[in-house]
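Structure first, commentary second.
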Amino acid sequence: MIGKIRSIQDSWFMKAILILTALSFMSLFGISGYIGSAAQDKSVIEVDDIVISQAQISQQLNQELQTARKLFGDNIEINDGIRAALLQNIVQKDLTNAIIRKTAQDNHILISDDLVSKIIGAMPEFRDLDGKFNPQQMRMVLSNAGLSETMYINQLKENIAKQHLIDNPVNGMHIPDFMAEYINKIDNQKKVFKYIKINPADMKITRKISQDEKEQYYSDFAMQFVEPEKRDISFAAFSIEDAAGNFSPRAQEIEQYYNDNITQFTVPEKRTVLQMVFDSEEKALAAKKKLDNGRNFYAVADSDAKQTKENTELGDVSLEELLPEVAEAVFSLDKNKYTAPIKSEFGWHIMKVTNIIPLKQTSLANATKEIIETLRKEQAYELAKNLVAEIEDLIGKGLSLAEIAEQKKLNVYTVKALKEDGSYENASGKFADLIKSSDFIDNSFSYNINEISQVFETNDGFAVLVVDNITESRRQTLNEVETQIIKLWEANEKEAIAQEIINDVTHDLENGDKIDEIAARFKLPLKTTKPLTRSESFAGISPLQMKELFKEALNVSKVLPTEDGQVLAINTKIINTNIKPSRGDIEATKLRAGNELSQNMAQQLINDYGNNYKINVDYRSIGLAD
């Protein structure tokens, strides 16, 4: 409890604050090198007359990328799965928001600027140490989250509209006790399954691929057999540190920095403080009298202020961290002394100092090394920008990369057979991360042979490149891809054999044969599970599949795809529990079931609202469909 004691009252105003969603830190992954066609600013989402463009999607991706870089640095690997998941999440969020916005317009739900202003003014993130709204602090918080003021205000209005249209109608769903008992009984019901797992990788192929099949596969899967375009690149790269060279600040610059930033080298005096707070002066004076008579501070805080030891201890605090009303009094006390009652907006305080930690200041001599490093970094960036400008001038004058590198004392490196996926045949390992970066690849494939790129920024500096050679993409010959074709054919053959077995087993089960007999006939391993609840699993079945399997009646088979094949399972036994759930179990079940019901109803409301409008989502433009 350092600084201020905050009192949050159960008012409409504070409840309004609760409807706000947190600043956008939800995504830990960004996307670099977003879709090249984004510049066309095509419409991606349309809900009647509300349109969300490709540029808006791109902007959201860039914001999340900035957030990810702040959290994890620039070396974030983004695979296709993460890319698709992130895009799907953004599209779903934007589509939902557009439906809510359109529904709010049609139902004349207007959010006043006055309400938005009050909510923003009450946000604790935007308040200074005195508890007052600070516009500058708000802008800093929004900037760190990658949001402009306009974007944030629009988000607030959308969230308030969502509160009225979605959250209020579905929140607080009540599940009666009898239903909770029934749900609890179902949750604890156990079932025993017999199952056969068919893994295509285990299938045996009894023949070889024919020449006709090779040619057919070569034709059918032609796009898989294209050798992509490759480029040979020469480039020069330099870090911010390289640009600084042997720069070293003068003694007077070091001293000037020290004096201008003395607070960086000063740890203010701190005091270990105890505090008790009362709602009246009379109670505070009575407590003070007990202290004067030698009573222990903790004991009086416990008996008179009803405070625990933890609530009584403020810890080590500086002058600025205390309430203005008590700060000076506390910092004028000697060790083990306490104040008379002091009034603030929170009540009447009695403060005691149990320890004094004196001010500490790092001397100029001890701070010099740190200051030199700071000034060097500051100067390095300026020198790097100057170097970039000089290189750009030389490019404009028509000099080659080799000539520019010689003038600026830069080394030239090469990468051979670079592809657009970032792979290459040969390059300096020192620059592996740079070569695979989206900026390097974009520049490498944006220029013709012998054209020098503009200087572009890298993770730790800048780079410039020239295209030395281009090997055009081509379709590989049948002989070149014969091995690939055979592997593809074998995989498909095994899949077909596995599916045929599943079909035969399913057919025999439908004809009334027992699964034990069928397994023996086809020489398939038959396994039996232990008694399982719906929250457990077996044979690689997902939790969602397990819930679906539990819905099947006794002795009814179900085929479930898994990562490495298919599982044919039959429920052979149902075990009901006779244990009566505890009150705690009932309450937990009511809470969970109520939340699930609220979520389902919220999604259904969004779907129903959406049915009122003409909706179009162009998944192809953002790479989520072919």
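Checked against the criterion of being at pLDDT 95 or above, surrounded by 15 or more Cβ atoms within 10 Å (Cβ to Cβ), assigned by TED's automatic domain parsing to the domain that holds ASP242 and over 30 Å from GLN216 (Cα atoms), the candidates VAL455, VAL467 yield just one match: VAL467.
Kindly provide the set of residues from segment 126-178 that are in contact with a strand residue (DSSP E or B) (Cβ under 8 Å, 6 or more places away or on another chain) and in a helix (DSSP H, G or I), ordered by number.
Answer for segment 126-178, where residues must be in contact with a strand residue (DSSP E or B) (Cβ under 8 Å, 6 or more places away or on another chain) and in a helix (DSSP H, G or I): PHE126, GLN137.
Looking at ASP113, ASP106, ASP94, just one residue is surrounded by fewer than 15 Cβ atoms within 10 Å (Cβ to Cβ), at pLDDT 85 or above, acidic (Asp, Glu) and assigned by TED's automatic domain parsing to the domain that holds LEU147, and that residue is ASP106. Scanning segment 566-582 for residues that are of a type in the set (S, T, N, Q) and assigned to a loop (DSSP other than H, G, I, E, B) turns up ASN576, THR577, ASN578, SER582. Can you find even one residue in segment 577-590 that is loosely packed, with under 15 Cβ neighbours inside 10 Å, touching a residue at least 12 places away in the same chain (Cβ under 8 Å) and of a type in the set (Val, Ile, Thr)? Scanning segment 577-590 turns up at least one residue that is loosely packed, with under 15 Cβ neighbours inside 10 Å, touching a residue at least 12 places away in the same chain (Cβ under 8 Å) and of a type in the set (Val, Ile, Thr). Only one residue in GLU482, GLU420, GLU510 is exposed (fewer than 13 other Cβ atoms within 10 Å of the Cβ) and either among the charged types (D, E, K, R) or under 38 Å from the mean Cα position of the chain (by Cα) (or both), so which one is that? The conditions single out GLU510. Among the residues making up segment 359-377, those that are exposed (fewer than 12 other Cβ atoms within 10 Å of the Cβ) and assigned to a helix (DSSP H, G or I) are ALA365, ASN366, LYS369, GLU373.
Checked against the criterion of being within 23 Å of LEU61 (Cβ to Cβ) and among the aliphatic types (A, V, I, L, M), the candidates VAL170, VAL141 yield just one match: VAL141.
Does at least one position in segment 186-199 carry a residue that is part of a helix (DSSP H, G or I), more than 30 Å from GLN599 (Cβ to Cβ) and touching a Ser or Thr at 6+ places or on another chain (Cβ under 9 Å)?
No, every residue in segment 186-199 fails to be part of a helix (DSSP H, G or I), more than 30 Å from GLN599 (Cβ to Cβ) and touching a Ser or Thr at 6+ places or on another chain (Cβ under 9 Å).
Taking segment 526-554 as the range and being out of contact with any strand residue (DSSP E or B) (no Cβ under 7 Å at 6 or more places or on another chain) and part of a loop (DSSP other than H, G, I, E, B) as the test, the residues that pass are LYS530, ARG534, SER535, GLU536, SER537, SER542, LYS551, ALA553. Figure legend. Inter-residue proximity from segment 44-63: first residues of a type outside the set (Val, Ile, Thr), second residues in a strand (DSSP E or B), beta-carbon distance below 6 Å, spacing 6+ or different chains. Indicated pairs: GLU46/ASN616; SER53/SER43; GLN54/VAL44. If you check ASP279, ASP302, ASP334 for being closer than 22 Å to ILE356 by Cβ and surrounded by fewer than 17 Cβ atoms within 10 Å (Cβ to Cβ), only one passes: ASP334.
The values are calculated or read from the model by the stated rules, or taken from the named source; none is laboratory data. Fair warning: this is a prediction, and the values are worked out from it, not measured in the lab. Here Cβ is always computed from backbone atoms with ideal geometry, including for glycine, and neighbour counts include all displayed protein chains.
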